[in-house]
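A quick write-up on the structure given underneath.
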Amino acid sequence: MTIADTPRTPVSESSFFVRLIRQVRRVPFSVTFGIVWLAAMILIAFFADMLRPYGITAMDLRARLSLPGNPAHFLGTDELGRDVLSRLIQSIRVSFTIAFGATIISAVFGTTLGFAAAKFRGVVEQFVLMLADFQAALPFLVMSLAVLAFFGSSMPLLIGLMGFYGWERYARIARGLAISASAQGYASAVVQLGATPARVYMRHILPNVASTLIVSMTLTFPEIILMESGLSFLGLGVQPPETSLGNMVGFGREYLTRAPWIMLAPAFVIMMTTLSISLVGDWLRDKLDPTLR
């Protein structure tokens, strides 16, 4: 048998799995737990319609305030006999939809303004920095309460409003990194080759600053979840019959002494989700930021 006839596939596959196992072992247990928890929450949000055992408005008045562990209602029921597990699954979908949508809007809006400030400088840069300072100084919760109280609460308005939370961070980060990248040789070389400013920023500068922006998104995401929960707790967020994590906590506080499971289940999900995102975000920062290596 010649060397060319020697089978190499098992060796390559085994070496691949060995490298994969080594990479997994290097990830701390807390980060692994956070990734698994977030993956589970995303799957629940995607397949909520198939996972819910009951409708979120289906009432069973004969089983009002049933204790958790009941075969028919694993997490118990609320004051109207609605299944807590079904409402919790729907709340995860709604809260994650708001948080994901608002985080994307905030990142795109802030990064665009940051790139515009780095490109045009002068009056445009000063205007963007002035808006960023104004946004940072304005209590966002007070502004949100005023807007929702005046215009009413709806899902698109809530996502758009939450999208303006934290955009000034992305603007400052994108501006500083874009100015630094523009001063380096590769950006100037691409410009001399005839590339348009949009191509320079989207194809060359953005990929080099994406790691820092991704880490910033992991820090903003749990804050938006908590902000939405706070607004829903105050009654200006997601409105019935729809439900969210903060909405469940807000309605469950009245039954904290008689039926604490109504409030504790969504509160536990909020706590674990924000903790998991923080753990994963800190790990990504350590892995992606070259200054920390």
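The values are calculated or read from the model by the stated rules, or taken from the named source; none is laboratory data. Here the structure is a predicted model, which means the values were calculated and not measured. Using ideal geometry, Cβ is built from the backbone for each residue, glycine included, and neighbour counts are taken over all protein chains shown. For accessibility, only protein heavy atoms count, side chains too; no ligands or nucleic acids. Shrake-Rupley method; radii C 1.70, N 1.55, O 1.52, S 1.80 Å.
State all residues of the stretch 36-71 that are surrounded by 14 or more Cβ atoms within 10 Å (Cβ to Cβ), under 19 Å from Val269 (Cα atoms) and in contact with a Lys or Arg (Cβ under 9 Å, 6 or more places away or on another chain); if no residue qualifies, say none.
Hits for the stretch 36-71 are Ile44, Ala45, Ala48, Arg52, Ile56.
Within the set of pairs 6+ apart or on separate chains, which have a first residue in the stretch 212-232 that is free of Cβ contacts under 8 Å to residues at least 24 places away in the same chain, a second that is assigned to a helix (DSSP H, G or I) and open to solvent by 10 Å² or more (accessible area, probe 1.4 Å), and C-beta atoms under 8 Å apart?
Short answer, once both residue conditions are applied: Ser232/Val249.
Please enumerate the residues belonging to the stretch 78-132 that are of a type outside the set (Asp, Glu) and in contact with a His (Cβ under 8 Å, 6 or more places away or on another chain). Give the derivation first.
First pass over the stretch 78-132, keeping only residues of a type outside the set (Asp, Glu): 80-82, 84-124, 126-132.
Selection gives Val84, Leu85.
Mind checking whether some residue in the stretch 79-91 is in contact with a strand residue (DSSP E or B) (Cβ under 8 Å, 6 or more places away or on another chain) and at pLDDT 80 or above?
yes
Being touching a residue at least 40 places away in the same chain (Cβ under 8 Å) and open to solvent by less than 40 Å² (accessible area, probe 1.4 Å) narrows it down to one of Gly101, Gly81, so name that one. Outline the logic, then answer.
Working: Gly81 fails: touching a residue at least 40 places away in the same chain (Cβ under 8 Å).
Within the list Gly101, Gly81, the selection yields Gly101.
Among the residues of the stretch 230-240 satisfying the criterion of being touching a helix residue (DSSP H, G or I) at 6+ places or on another chain (Cβ under 6 Å) and part of a loop (DSSP other than H, G, I, E, B), which is surrounded by the most Cβ atoms within 10 Å (Cβ to Cβ)?
It comes out as Gly237.
Which one is farthest from Leu148 (Cα to Cα), of the residues in the stretch 244-253 that are touching a residue at least 40 places away in the same chain (Cβ under 8 Å) and either touching a Pro at 6+ places or on another chain (Cβ under 6 Å) or assigned to a helix (DSSP H, G or I) (or both)?
Filtering the stretch 244-253 for residues touching a residue at least 40 places away in the same chain (Cβ under 8 Å) gives 244-248, 251-252.
If we keep only those that are either touching a Pro at 6+ places or on another chain (Cβ under 6 Å) or assigned to a helix (DSSP H, G or I) (or both) too, we end up with 245-248, 251-252.
Details: Leu245: 18, Gly246: 16, Asn247: 15, Met248: 19, Phe251: 19, Gly252: 22 Å.
Going through the qualifying residues, I end up with Gly252.
Which condition breaks for Leu245 when tested against (1) open to solvent by less than 10 Å² (accessible area, probe 1.4 Å); (2) farther than 17 Å from Glu79 by Cβ; (3) over 16 Å from the mean Cα position of the chain (by Cα); (4) of a type in the set (A, V, I, L, M)?
Result: Leu245 passes all but (3).
Yes/no per residue for (1) modelled with pLDDT under 80; (2) of a type outside the set (Phe, Trp, Tyr); (3) part of a helix (DSSP H, G or I):
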| residue | (1), (2), (3) |
| --- | --- |
| Leu157 | no, yes, yes |
| Pro207 | yes, yes, yes |
| Thr220 | no, yes, yes |
| Glu228 | no, yes, yes |
| Glu242 | no, yes, no |
